[in-house]
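Before any comments, here is the structure.
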Amino acid sequence: MDPKKITELQALVDLYRQDPTLLRAKQLSFLRDSIESMGDTILCSVKHASAEKTFKEQGKQPEAAESEESDLEIEYDGVIEPDMDDPQEMGDEYLEITNEMIDQANRKMEHAFAALDEGELQKAIDLFTDAIRLNPQFTLLYVNRASVFVKLQKPNAAIRDCDRACELNPNSAQSYKWRGQAHMLLGHWEEAAQDFTMQSSVKTERL
């Protein structure tokens, strides 16, 4: 069997493991139809996985497969158009950071998390950006801002933040996770699979 085909199949499997709802993608309709023709019940498990994911995020137990889907779930009926906004502020990498600035950045980050809890995504972006200005060497700030960009369906912005986070800390599993999610929004399946593989690799090395 062609080794290239095996690699491509493995990439698809890695994507499916990250999010079973990927099987709904129009591009994978041939695979879904084949599974249905064999009488497989995988579509039911996909619906349940989606509902279970939602209720876990809400701190509840799943009650039925037809429960509302999470706001954070990516819609795979078609990839989205890339965001073309100007690059977000990344802070001054040569900035001399004081303990006071670190404390201020941490407070900004706490306020950003509070804004997220209230569903104020743009406010959270602004607060994470304020924190980055104060402490541009803190990987977690870029990772968290990237996660919000993904929720706002701004994958290019998320990728830029994750690229910066990976520069600061190549062993940041969350950086690869959110960059993979961003690539999925753009339909970059191979890049997404590579990032999810890196995420798993980093986690394994830490065990």
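Could you check how many residues of region 128-142 are surrounded by fewer than 22 Cβ atoms within 10 Å (Cβ to Cβ) and assigned to a helix (DSSP H, G or I)?
The total comes to 5.
Only residues that are more than 20 Å from F113 (Cα to Cα), crowded, with 24+ Cβ neighbours inside 10 Å and of a type in the set (K, R): list them for region 143-178, please.
Once the filter is applied, which keeps residues that are more than 20 Å from F113 (Cα to Cα), crowded, with 24+ Cβ neighbours inside 10 Å and of a type in the set (K, R), region 143-178 yields nothing.
Would you be able to tell me the number of residues in region 145-202 that are under 17 Å from Q88 (Cβ atoms), free of Cβ contacts under 8 Å to residues at least 60 places away in the same chain and touching a Lys or Arg at 6+ places or on another chain (Cβ under 8 Å)?
The total comes to 6.
Every number in this text was worked out from the coordinates using simple rules, so none of it is lab data. Predicted model, so just to flag it, every value in this text is computed and none were measured. FYI the Cβ positions are ideal-geometry reconstructions off the backbone, even for glycines, and counts take in every protein chain you see.
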